[in-house]
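S.K.: Quick one: the structure is below, and I'll ask about it shortly.
The values are calculated or read from the model by the stated rules, or taken from the named source; none is laboratory data. All of these numbers come straight from a predicted model, not from anything done at the bench. Glycine gets a Cβ as well: all are built from the backbone with ideal geometry, and neighbour counts include every protein chain shown.
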Amino acid sequence: MNKKLKIGITCYPTVGGSGVVATELGKMLAEKGHEIHFISSSLPFRLKRMYHNIFYHQVDVNQYSVFQYAPYDIALASKMAEVIKREDLDLVHVHYAIPHAVCAILAKQMSGKDIKIVTTLHGTDITVLGYDPSLTDAIRFGIEKSDGVTAVSNALISQTYDLIKPDKPIKAVYNFIDERVYQKTDSDYLKEEYGIRPEEKVIIHVSNFRSVKRVPDVIKAFAKIAKEIPAKLLLVGDGPEMTVICQLVNDLKLKSNVLFLGKQDNLEELYSISDLMLLLSEKESFGLVALEAMACGVPCIGTNVGGIPEVIDDGETGYVCGLGDIDEVSQKAINLLKDSNLHRKFSAQSISLAKEVFSAERIVSQYEEFYYELLKNG
Ligand code: GMT
């Protein structure tokens, strides 16, 4: 039997798919008996209960007047080095190449310990930062000097080779959901509380409302759907585009059909009252929210972008449409919402796919095997 490991995890701890995945991974690994040390700027937001084998090490950045910019990256690397030495870690798993992989490489050198560094690419580190020539070399360095590199979809691997051209194998390890949490729950009372009538279909969109999420496309598609079917749209999350979205909802006279719910926990309850998820992004390396919705039996319509087609099985669990093709999205949504047999079939197939391909047990084991393989190779 393989020995239990001492693992450092660094991520962006605030709301966002990568933070969710890193935190859930830490929790699952702890449940399997490994000792987990989160090293980040604040407590990962999903870490809600006590675990005897999860520790949190906060990175503090001192503000000295000599610095125009506070040196977070150096503070993180120093904290990582301190934890690597004091806790005698076997490996550090960082989420995001920039700055985390580069900080881990520096920390390894500072600590003088022969630990392994695993980097997981989540998307925007490649698909956005990868276009900035001033960062390409740093991203490539972070990838090449890591001992092992994973990415959350095959599409992201291709994009990484196209944009960054690293001389390094990258393994696809999909994101996962904890099916103990993401399952259909009885939250029908919420419909009543939100004033959703029984005959109304519920469409949901969850994101950080950045422009890459193309939320205006969601609103425009919903406008067409609501002309044909009584429906409500739940908008969950918040972000820079929110003002534009509110204006568009007003302009299209949809105010009484759209519920702005802001940032929410317990998303499984909202998915459980939803009939359809729309994820119409122009960049999306995976689309964790689509998977969460599917696990709760909600079919998804997404764009043919990045990793979305690896998550949505087109014509089986939902549909994959052209970017910006509002007519295609709304027509497919209307057909699906009007056909209760088809909807039931897609819903059941969504749950099965989430369980079979993206279950926590399956994916967490893939990470564990990857760790042991790297450690075995010395
Ligand atoms: O999508 C975002 O804006 C947030 C970003 C993040 O840092 O969490 O999400 C990225 O990582 C998620 C987890 O792997 C993926 O599900 C998202 O698709 C990916 N976002 C993009 O590629 C734009």
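S.K.: Which residues, counting only those in region 283-304, are surrounded by fewer than 23 Cβ atoms within 10 Å (Cβ to Cβ) and either near the ligand (Cβ under 10 Å from one of its atoms) or not in a loop (DSSP other than H, G, I, E, B) (or both)?
M.R.: Correct list: LYS283 only.
S.K.: So, one more: From the list ILE308, ILE312, ILE351, pick out the single residue that is under 23 Å from the mean Cα position of the chain (by Cα) and more than 19 Å from SER207 (Cβ to Cβ).
M.R.: Details: ILE308 fails: more than 19 Å from SER207 (Cβ to Cβ); ILE312 fails: more than 19 Å from SER207 (Cβ to Cβ).
Going through ILE308, ILE312, ILE351 in turn, just one is under 23 Å from the mean Cα position of the chain (by Cα) and more than 19 Å from SER207 (Cβ to Cβ): ILE351.
S.K.: Mind checking which residues of region 305-354 are assigned to a loop (DSSP other than H, G, I, E, B) and in contact with a Gly (Cβ under 6 Å, 6 or more places away or on another chain)?
M.R.: Residues of region 305-354 that are assigned to a loop (DSSP other than H, G, I, E, B), as a first pass: 305-307, 312-313, 315-317, 322-325, 339.
Within region 305-354, ILE312 is the sole residue that qualifies.
S.K.: When you check VAL215 against the structure, is it within 16 Å of ALA290 (Cβ to Cβ) and in the same structural domain as THR119 (by TED's automatic domain parsing), yes or no?
M.R.: Values: within 16 Å of ALA290 (Cβ to Cβ): yes; in the same structural domain as THR119 (by TED's automatic domain parsing): no.
Taking the combined requirement at face value, the residue does not satisfy it.
S.K.: Which residue is farthest from the ligand (Cβ to nearest atom), if the candidates are limited to region 22-35 and must be buried (at least 24 other Cβ atoms within 10 Å of the Cβ) and not polar (S, T, N, Q)? Outline the logic, then answer.
M.R.: So the first thing to find is which residues in region 22-35 are buried (at least 24 other Cβ atoms within 10 Å of the Cβ), and the list is 22-23, 25-26.
With not polar (S, T, N, Q) added as a condition, the list becomes 22, 25-26.
Numbers: ALA22: 9, LEU25: 11, GLY26: 15 Å.
Here the answer is GLY26.
S.K.: So which residues in region 1-21 are at pLDDT 95 or above and surrounded by fewer than 18 Cβ atoms within 10 Å (Cβ to Cβ), if there are any at all?
M.R.: Correct list: LYS4 only.
S.K.: Quick one: would you say ILE143 is among the aliphatic types (A, V, I, L, M), under 28 Å from GLN331 (Cα atoms) and touching a residue at least 40 places away in the same chain (Cβ under 8 Å)? Write out each step before concluding.
M.R.: On the way: among the aliphatic types (A, V, I, L, M): yes; under 28 Å from GLN331 (Cα atoms): no; touching a residue at least 40 places away in the same chain (Cβ under 8 Å): yes.
Considered against the rule, which asks whether it is among the aliphatic types (A, V, I, L, M), under 28 Å from GLN331 (Cα atoms) and touching a residue at least 40 places away in the same chain (Cβ under 8 Å), ILE143 comes out as no.
Conditions tested, residue by residue: (1) under 21 Å from the mean Cα position of the chain (by Cα); (2) farther than 21 Å from LEU235 by Cα.
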residue	(1), (2)
ALA155	yes, yes
LYS171	yes, yes
ARG180	yes, yes
LYS184	yes, no
TYR189	no, no
GLU200	no, no
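S.K.: Do we have ILE84 as touching a Lys or Arg at 6+ places or on another chain (Cβ under 9 Å), surrounded by 20 or more Cβ atoms within 10 Å (Cβ to Cβ) and within 26 Å of ASP265 (Cα to Cα) here? Steps first, please.
M.R.: Values: touching a Lys or Arg at 6+ places or on another chain (Cβ under 9 Å): yes; surrounded by 20 or more Cβ atoms within 10 Å (Cβ to Cβ): yes; within 26 Å of ASP265 (Cα to Cα): no.
No.
S.K.: Residues that are of a type in the set (Ser, Thr, Tyr) and away from the ligand (no atom under 16 Å from the Cβ): list the helices (runs of 4 or more DSSP H) wholly contained in region 111-171 that include at least 2 such residues. So that I can check it myself, show each step before the final result.
M.R.: Values: elements: 124-127, 133-145, 154-163.
Of the helices (runs of 4 or more DSSP H) lying wholly inside region 111-171, those with at least 2 residues that are of a type in the set (Ser, Thr, Tyr) and away from the ligand (no atom under 16 Å from the Cβ) span 133-145.
Results for (1) touching a residue at least 24 places away in the same chain (Cβ under 8 Å); (2) of a type in the set (Val, Ile, Thr); (3) more than 15 Å from VAL21 (Cβ to Cβ), shown as yes or no for each residue.
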position	(1), (2), (3)
LEU336	yes, no, yes
SER340	no, no, yes
LYS355	yes, no, yes
PHE358	yes, no, no
TYR367	yes, no, no
TYR372	yes, no, yes
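S.K.: Any residue that is under 26 Å from VAL152 (Cα atoms), within 16 Å of the ligand (Cβ to nearest atom) and assigned to a helix (DSSP H, G or I) - is there at least one of those in region 273-282?
M.R.: No, there is no match, as no residue in region 273-282 is under 26 Å from VAL152 (Cα atoms), within 16 Å of the ligand (Cβ to nearest atom) and assigned to a helix (DSSP H, G or I).
S.K.: Name the pairs: first residue in region 277-288 and assigned by TED's automatic domain parsing to the domain that holds VAL206 and acidic (Asp, Glu), second residue more than 6 Å from the ligand (Cβ to nearest atom) and assigned to a helix (DSSP H, G or I), Cβ to Cβ under 7 Å, at least 6 apart or on different chains?
M.R.: GLU284/ILE308
S.K.: Among (1) without any contact (Cβ under 8 Å) to a residue 60 or more places away in the chain; (2) in a loop (DSSP other than H, G, I, E, B), there is one condition GLN247 misses while meeting the rest; what is its number?
M.R.: Failing condition for GLN247: (2).
S.K.: While we're looking at this one, here's another question. Out of the residues in region 11-21 that are in contact (Cβ under 8 Å) with a residue 40 or more places away in the chain and touching a Gly at 6+ places or on another chain (Cβ under 7 Å), which is nearest to the ligand (Cβ to nearest atom)? Let's see the steps before the verdict.
M.R.: The first filter runs over region 11-21 and keeps only residues in contact (Cβ under 8 Å) with a residue 40 or more places away in the chain, leaving 11-12, 15-21.
Going one step further and asking which of them are touching a Gly at 6+ places or on another chain (Cβ under 7 Å), we end up with 11-12.
Details: CYS11: 9, TYR12: 6 Å.
Among those residues, the one meeting the criterion is TYR12.
S.K.: It is to be established whether one or more residues within region 190-197 are in a loop (DSSP other than H, G, I, E, B), of a type in the set (Val, Ile, Thr) and at negative phi. Full working, then the answer.
M.R.: First, pick out the residues of region 190-197 that are in a loop (DSSP other than H, G, I, E, B): 195-197.
Filter once more, so that each one left must be of a type in the set (Val, Ile, Thr): 196.
Next, only the ones that are at negative phi stay: 196.
Taking every residue of region 190-197 in turn, at least one turns out to be in a loop (DSSP other than H, G, I, E, B), of a type in the set (Val, Ile, Thr) and at negative phi.
S.K.: Of the conditions (1) under 15 Å from ILE105 (Cβ atoms); (2) surrounded by 21 or more Cβ atoms within 10 Å (Cβ to Cβ), ASP137 satisfies every one except a single condition; which number is it?
M.R.: Only one criterion is unmet by ASP137, namely (2).
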